[in-house]
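**Student:** First the structure, then my questions, so here it is.
The values are calculated or read from the model by the stated rules, or taken from the named source; none is laboratory data. Quantities reported herein were computed from a predicted structural model and do not represent experimental measurements. Heads up, the Cβs are rebuilt from the backbone with ideal geometry, glycines too, and the neighbour counts pull from every protein chain shown. Accessible surface is based on the protein model in full, side chains and every heavy atom, while ligands, DNA and RNA are left aside. Shrake-Rupley method; radii C 1.70, N 1.55, O 1.52, S 1.80 Å.
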Amino acid sequence: NLKMLAPSALSHAPRKMFPSNSGIRTRRSFVNFALNSGLQSQSLIQHSRRKSTAAVQCKTTENKKNLNLDDSGNLKKQSENVAENPSENEEGKLNMFKTVGILTGSQFVGNLGFGCVLPVLPIFASQMGLGASGVGLIVSTSAFARLATSIPFGTLSDAGFGRKPLMIGGNVLIAAASISTGVAHTLPALLSSRLLLGIGSSCAMAGSGAYLGDVTKLAPNLRAKIMGFQSTMINSAYVIGPAIGGWLCDLYGARTSFFIVGIAAGLTTIGYTFLPETARRTKLAPWERFLGEPQTASPKPTEEDKTTTLDVYKSLIGNVDQQSIMLMNFALFSSYSSLMTIVPLHVFNIMGDAASASKVGLIFAGGAIVGWIGAPIGGYLADRFGRKKTIIPSALLISTGICAATSGYVNSFETLLPTIMLWGLGNSMVSPGMSAFAADIADDERIRGQALSLSRMAGDSAFLVSPVILGAIAQMTSCTTALYITSLVVLGSNITFGLRATERRVSGKAD
């Protein structure tokens, strides 16, 4: 502006102010002074602007680091942050493996108790005056309670109470329900106990499922391997448990196994107390308030926090991948239901008077032994080649094993055992891939518990309807027909999953 104004101002100045020679020199000096002043002022302004811009950029970079943002202003993924700090990455993985070890060890004890019950269900149902559908009634009653409470507990898992309170509270209910089942002598008392068991199981699984998803977010490329290891340990419980349960049943009666479940659930509760909390806690559980724990300050709710539960579940159910994994979970738990309700009856039909609870326990143990091999292999393949490429062939093994168990040459314990082992191999190989797939699509930790609750709902739906329907079919027709129907359900779900599901993770070499 001074460049423009200085000549203009001089052109309008009175001429008598400047003599001829000295006036020219004075005019030139004034012009130079004005020009130099303008340039210096402009330089100072530009320098000030550059300094302010640099300060703002520095502050913005610092804020992005503090807020964990990328260049676009979005939240960075955990894996990106870990990659920048190799030492923190290694320390985080060590803590993750330690946490997974405690979690899996605790779950091993709990599932050991459940494994003791499997071979004695037909005998217990007979003692209660129930027929072939009695086993289905016992199983489906607890499944109904799990189905009815999956969404509430899944929502509660994301509501700020944390994962651990649900895991601990759920196992306390399981212990109480199992002991009350062992002392029940009437049908209403039995059904009430099984309903309480279902509520406790739903509560514990809502916490533990989301907990494992939280823990494995540090290393998503190892997620299926970790879940394969967990499946191996749980399968080990079902190797040992049925054999112990059948042996104790022959010595002390069927009710003894339910007391073992109660003790095992109590020990699992103790193990969970050693775990760190993985979710942001803003609320206290009722028993924590009773014990006088300090209340955590609640952060100011965001727009995402104001989203209703109905909106969240509408979005989740509309996802094609979520629909596909729900269908596969329904098929897998239908397979489990058939193992629990039809296979014990099938053993007694084939072996006749030679059958016993111990033989049934050995059949279940044989099917679980292959899980030591199948689960790690399934976890490795799911991380190495992708989830779908592992799930589909593993589910085909399930259908093949079920059909083999119904063939004409299966007429003794020795011929039935290999078919159940093939069936168990498919179950163990498909489980890590399905669990990892469900965790992959539940990538938003704010609604992870709710997303995983849908997969559990699908499984609980199968446990609700499959035992009753398959048991009724076996009673009206034969066990062979019920097994054929189970095989068709698994095969149809597998084909649908292969056609609709999308691989959420690029297959490649796992870390």
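**Student:** Considering Y380, Y409, Y336, which residue is surrounded by fewer than 19 Cβ atoms within 10 Å (Cβ to Cβ) and closer than 20 Å to F463 by Cβ?
**Tutor:** Details: Y380 fails: closer than 20 Å to F463 by Cβ; Y409 fails: closer than 20 Å to F463 by Cβ.
Testing whether each residue is surrounded by fewer than 19 Cβ atoms within 10 Å (Cβ to Cβ) and closer than 20 Å to F463 by Cβ leaves just Y336.
**Student:** Which count do you get for residues in region 459-473 that are closer than 21 Å to R194 by Cβ and surrounded by fewer than 23 Cβ atoms within 10 Å (Cβ to Cβ)? Break it down stepwise before answering.
**Tutor:** First pass over region 459-473, keeping only residues closer than 21 Å to R194 by Cβ: 459-472.
From what is left, the residues that are surrounded by fewer than 23 Cβ atoms within 10 Å (Cβ to Cβ) are 461, 465, 468-469, 472.
Qualifying residue count, region 459-473: 5.
**Student:** Checking the condition open to solvent by less than 40 Å² (accessible area, probe 1.4 Å) and more than 18 Å from R456 (Cα to Cα), which residue from A206, A177 passes?
**Tutor:** Details: A206 fails: more than 18 Å from R456 (Cα to Cα).
Residue meeting the stated conditions: A177.
**Student:** What helices (runs of 4 or more DSSP H) lie completely within region 189-296 and have 1 or more residues being modelled with pLDDT of 80 or more? Walk me through it before giving the result.
**Tutor:** Values: elements: 223-252, 256-272, 286-290.
Filter on region 189-296 gives 223-252, 256-272.
**Student:** Is it the case, given these coordinates, that A462 is out of contact with any Asp or Glu (no Cβ under 7 Å at 6 or more places or on another chain), outside any loop (DSSP other than H, G, I, E, B) and within 28 Å of S208 (Cβ to Cβ)?
**Tutor:** Numbers: out of contact with any Asp or Glu (no Cβ under 7 Å at 6 or more places or on another chain): yes; outside any loop (DSSP other than H, G, I, E, B): yes; within 28 Å of S208 (Cβ to Cβ): yes.
Spelling it out, A462 is indeed out of contact with any Asp or Glu (no Cβ under 7 Å at 6 or more places or on another chain), outside any loop (DSSP other than H, G, I, E, B) and within 28 Å of S208 (Cβ to Cβ).
**Student:** Sticking with this one: Which one of these is in a helix (DSSP H, G or I), of a type in the set (F, W, Y) and open to solvent by 10 Å² or more (accessible area, probe 1.4 Å): F144, F124, F161?
**Tutor:** Working: F124 fails: open to solvent by 10 Å² or more (accessible area, probe 1.4 Å); F161 fails: in a helix (DSSP H, G or I).
Residue meeting the stated conditions: F144.
**Student:** Looking for something touching a helix residue (DSSP H, G or I) at 6+ places or on another chain (Cβ under 7 Å), of a type in the set (S, T, Y), under 24 Å from P220 (Cα atoms) and open to solvent by less than 10 Å² (accessible area, probe 1.4 Å) - is there at least one such residue anywhere in region 429-442?
**Tutor:** No: zero hits.
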